[in-house]
Ligand code: BGC
């Protein structure tokens, strides 16, 4: 053969191959939705990956996963634990491991490659995960601590308890191959090896009902261990284990005992032998260290003169320390923590410092934030600096602390003297914007302080910006509020003496939050907390973990369990959450039905439309939101809605029998509801906005009545309320979607951009940098008036993403995306992105006159139905490729509908 022809043939043959390999790559490889997690306890963990490609219409056709016991084996493509072989499937999320049993402490290395319509990827980079200590026998025998208070503690008032310090030295003579620490430090711990803090986590572990389960964390500490003598040290703080306000009535507070820990450091040597450093009574301990008291409500007192230099390093003289004691272990099951711990996620420099009387100063962080303050200070030994924290100031410039109730929110630092001292607390946090500083002998500067924002280490996955500045500010306030509320549990507020994971608040907003934060693991953990709090008879509380014992029996708060499960399924496709929670949801629904359903009306409610706005801001002056108007209409409508969710869940897990039962029950409830509450004038009950919205949005309104009910809704908003909302927590979670979906996105926009009372804009106008608990937050009774509560966001964020940006999951996990941005008079641009479980979705549009330009991105392995605003198909073009290449579906309501595959698109509409 002629050499030229030969080369030509070879290159033709190679061309598709080289092309194929380069078109597709893999990113965001996760195991159990976490990047390289250590110490998991899932026997068949799930893998997921993002396919990255510039090509269009990329769909996965097959994958292969290799899991190996060493990185070398993986490199040699030897999947000794699991070689899935090539599996012909489009599945790229929640792909279950199906290899050899995974033993305690095993570290596994894995990679994946995929075949797609645009060719094959290379192997992903090497990932790993490790197994935790799966059996009780893997753990040391003894929990250590001191099950008592000391002379300086005062546990009768304010639960004052000093932190406990523990230490141990050990000898290491061989060469270390790997070392792993597995620790349960309750309530909170900080771990050190040879003086260095292990990991970046703070306020760990995530709180639970410790009588049900306790969570352990795992760290790779190989680099911490040195040859010869080593020292390990741990500090234990109260957290929720030694609870705040234990002796205070009327709250039925659950407390668990004195701080304690169980730990194992497992060292593997290069010669194959191992050693274990375990908690036992060879450890020494003291409660007489510098952290004199610590708790979430009151703050931390730190006496630097009590520091024992080198306590966590080798050679420290601990002869005066006590022998660590074996203590009562918590009764909860030991489990790996599969959600992220908190970290310092952001730092802020104060924007100003000003002088108050009596040598005091006020520091302004410029933002209502959650976390703590780091200070730099110089002074004589024994001098005390006091920091008091609050969300706002009074008119006279003093801190406004009335809304903290009796939470002291105060840190006290006693100087050791000498060089400049840098300090920040370890076992407390608070919500604050302002700090009152006292005890200074000089004028401090803003440079002496750093605000540390602390929340669970989860990624921000959404961006959102429009041409409307107010909308953007509300979004920003929402981001700050939501982030700050992630504390291993979703707390209602970060400042007053509450900070409880109230269910109703998150039933309302968890779904919207998911557009901002990668909160899948967090909410799966919270659902477990809720399951664990279910009583034998089926009751689910209003607060879970049930640190406060509220089992008030209602549909709207405990119902968060169903709403959050739905959110996880819809946003992340996590069927295992449905499966895990299904029995508990079913049991609770039967419990409520058996006790409270009479003629298909659910007769028990606790909160009504919680925190409805008083009729005027003046009317609400000094009033508490505590007023409840229990409503059988709300509880019955919610029961109906939940039968629909159970039908959805039943289908997802293949329980057809239950689907039928819930269909029959739902129908009966709907009929009884309409019989009882529908008024022939076309409204429900008293025509209150929420009373009409929920039956309409839940699909309870007979078809021929839908129009009049919706008319009554718009009449209330437009005429009676002059373009404002009038909902509390229950109604607000459906309002925007209801207005939008029944055809009035313009009215939704009016409500969303109001600056007068009651509205989100009113909060911004009055200086809010987060979201208030109350619509009348600036005039209400301070005792029930947090300035950082996320519940009143309702479905605003869902509306921002699904309707303004037009990024919506059609069924589960954004496999099929509906992209239908609303075109609203007065709004000229929307730029939004959401990094979904399949990858990045973008929607950026701008309009000017009749022209409309829309740039969007659809991730590989998904498809989107795009609704382009146009009077006819001929007005639409696509800049990157010809519009003719795209699959036109139909024209509908002035939209040209196309079905598209993955890729970047630039649609242009030149309307007349
Ligand atoms: C909390 C709320 C909660 C409510 C219910 C309040 O004190 O802060 O967010 O849902 O109580 O009683």
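Quick look at the values:
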{"item": "Whole-percent pair-distance distribution, where bins are 5 Å wide, for the alpha carbons of the stretch 396-461", "result": "3, 9, 21, 23, 20, 13, 8, 3, 1, 0"}
{"item": "MRE, 222 nm, helices only [DSSP H, n ≥ 4, -39500 (n - 2.57), over the chain, to nearest 500]", "result": "-7000 deg cm²/dmol"}
{"item": "Kirkwood hydrodynamic radius over Cα pairs of the stretch 139-338, then Stokes diffusion coefficient at 4 °C and 1.567 mPa s, in µm²/s", "result": "75"}
{"item": "Full-extension gain in nm, residue 83 to residue 718, via 0.36 nm per residue minus C-alpha separation", "result": "222.4 nm"}
{"item": "Debye log10 I(q)/I(0) at q = 0.22 Å⁻¹ for the stretch 441-519, Cα point scatterers", "result": "-1.07"}
{"item": "Residue 657/residue 157 FRET efficiency (R0 51 Å; Cβ-Cβ; nearest 0.05)", "result": "0.35"}
{"item": "Overall dimensions of the chain as given by Cα atoms, namely Rg and Dmax in Å", "result": "29.2, 99"}
{"item": "Rg to Rh quotient for the stretch 750-899, alpha carbon positions, Kirkwood Rh", "result": "1.08"}
{"item": "Label point at residue 306 placed 7 Å out along Cα→Cβ; residues across the stretch 151-178 whose backbone nitrogen lies under 14 Å", "result": "151-155, 160-166"}
{"item": "Cα pair distances of the stretch 23-63 binned at 10 Å [whole percent]", "result": "25, 44, 24, 8"}
{"item": "Size descriptor, Kirkwood hydrodynamic radius, that averages inverse alpha-carbon separations across the stretch 13-130, Å", "result": "14.5"}
{"item": "Compactness of the stretch 343-456 as Cα Rg over 2.2 N^0.38 Å, two decimals", "result": "1.01"}
{"item": "Shape of the stretch 295-386, Cα gyration tensor, a/c cut at 1.5", "result": "oblate"}
{"item": "Reciprocal mean inverse distance between Cα atoms of the stretch 814-910 - Kirkwood radius, Å", "result": "13.5"}
{"item": "Net lengthening on full extension, residue 103/residue 447 (0.36 nm per residue, minus Cα-Cα)", "result": "118.8 nm"}
{"item": "Segment residue 378-residue 679, extension gain: residue separation times 0.36 nm, minus the distance between their alpha carbons", "result": "101.2 nm"}
{"item": "Shape metrics for the stretch 502-805, restricted to C-alpha atoms - Rg then Dmax, Å", "result": "18.5, 54"}
{"item": "Efficiency of FRET from Cβ geometry, residue 281 and residue 419, R₀ 41 Å, rounded to 0.05", "result": "0.65"}
{"item": "Tensor-based shape of the stretch 113-253 (alpha-carbon gyration tensor, a/c under 1.5 rounded, otherwise prolate or oblate)", "result": "oblate"}
{"item": "Residue 333 versus residue 816: modelled label distance in nm, points set 7 Å from Cα along the beta carbon direction", "result": "3.7"}
{"item": "FRET efficiency estimate (nearest 0.05) - Cβ-Cβ, residue 594 to residue 881, R0 60 angstrom", "result": "0.50"}
{"item": "Rg/Rg_globular for the stretch 495-619, with Rg_globular taken as 2.2 N^0.38 Å and Rg from C-alpha atoms", "result": "1.12"}
{"item": "The stretch 373-529: Cα Rg divided by the 2.2 N^0.38 Å rule of thumb", "result": "1.23"}
{"item": "Mean projected area (nm²) of the alpha-carbon convex hull when the stretch 177-251 is viewed from all directions", "result": "6.2"}
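No value in this document is a laboratory result; all are computed from the given coordinates. Values in this document were obtained by computation on a predicted structure and should not be read as measured data. Methodologically, a virtual Cβ is constructed for each residue, glycine included, from the backbone with ideal geometry; neighbour enumeration extends over all protein chains shown.
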